[in-house]
1. Over segment 85-244, what percent of the accessible surface lies on carbon and sulfur atoms, probe 1.4 Å?
2. Rounded, prolate or oblate, given the Cα gyration tensor of segment 54-114, with a/c below 1.5 counting as rounded?
3. Just to confirm, what accessible area per residue do you get for segment 26-143 at 1.4 Å probe, in whole Å²?
4. Can you tell me the length gained on complete extension of the stretch F99 to Q193, counting 0.36 nm per residue apart and subtracting the Cα distance?
5. At 7 Å along Cα-to-Cβ for each site, give me the label-to-label distance between S238 and N114 in nm.
6. For segment 159-236 and segment 26-45, write down the distance between their C-alpha centroids in whole Å.
7. How big is the Rg/Rh ratio for segment 150-241, C-alpha atoms only, Rh by Kirkwood, two decimals?
8. Could you tell me whether segment 118-189 comes out rounded, prolate or oblate from its Cα gyration tensor? Rule is a ≥ b ≥ c as square roots of the eigenvalues, rounded for a/c under 1.5, then prolate if a/b exceeds b/c, otherwise oblate.
Amino acid sequence: MASGIQHRKTLHLILFLQTVHLVKGQFKVIPLNKPVVGIIGEGVLLPCQLEAKTISERLLVQWIFTGKSPNIGVTTYDGINTLNPVREEKRYQGRTRFFQSEVTKGNFSLQLKNVMLSDKGKYICFVSLENWYDEVVVDLNVAAQGDESAVFLDGPVGQGIGLTCKSHGWFPEPEIIWLDSKGQTRKEKVVTQTTETPPGLFDVVSSITLEPGSNTEVSCRIINNLINTACESRVLISDVFFPSTSPWMTAFLVITFCTVAVIIATGYKLKINCTRRQKEETTDELKKGKYFLSSINRCDHREQI
């Protein structure tokens, strides 16, 4: 009797495993072979495609964010709930779109709107139907292209001239390259400083000093290697800006020296005249000054009494 019951249990288990194997053979979620990149402030599509001959609308699809612990639900599609099958989690309210009309085609992709830096991480597309389930992991990277770079003239640095290139709002940390007129990397020393701002983006400042006789066409190129984009600013520096070759620099220094000399001479003369006036005024008002001081002393003396 006991052996018969055990035999029936074994038979049921075999039938169950065969059913599961059959269902798994009919359904398969297509895995991804590369990460998805989203631009901060824009939308991004997280793909999830089911490969099957026929697909029931009674599927359960769950999108889960695993970038933080514990895992966070994003959006759920419950085909059994015919009145309101799509439920968006509170944290992602208004930021996701599930394509309900595409379910019968096996498209369970999720659109994530207004991408943020905190969205970076792994997302699981979990699909289940009765006794079958499968899942695929979508790795989301985020990027930001900063504002247009700008090159500023710092002025003379020794016998050369200093240039600074600035840009704001990059992610991840960008690469900065200084180029000449032929598009070749310049050989001058470059000093670059990168600052991470509170939102997590990067501001960059890069400086270079051009020496007289060097290639005076300069480009500052800032590159985001993750999304393969770049911003570039180009300037052409005339020879007159270099102190050692500038004809107007000598004239400027001479004029400046003469102006300073005139100002010093004028100030000295005014000081002498002022001193003479002060002596004359002191002699004329000396007596008045004595009575004035005397009266003050007396008033103080009376107040003390």
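1. Answer for segment 85-244 is 48 percent, counting heavy atoms of protein chains only.
2. prolate
3. 55 Å²
4. 29.4 nm is the gain from fully extending F99 to Q193.
5. Here the modelled spin labels are 5.0 nm apart.
6. Using only Cα atoms to place each centre, the spacing works out to 33 Å.
7. Looking at segment 150-241, the ratio lands at 0.99.
8. Working: a/c = 6.12, a/b = 3.87, b/c = 1.58.
Cα axes put segment 118-189 in the prolate bin.
The values are calculated or read from the model by the stated rules, or taken from the named source; none is laboratory data. All figures in this text were calculated on a predicted structure; none of them were measured in a lab. All Cβ positions, even for glycine, are placed from backbone atoms using ideal geometry, and neighbour counts span all protein chains on display. Just so you know, the surface numbers come from the protein's heavy atoms only, side chains and all, with ligands and any DNA or RNA stripped out. Shrake-Rupley method; radii C 1.70, N 1.55, O 1.52, S 1.80 Å.
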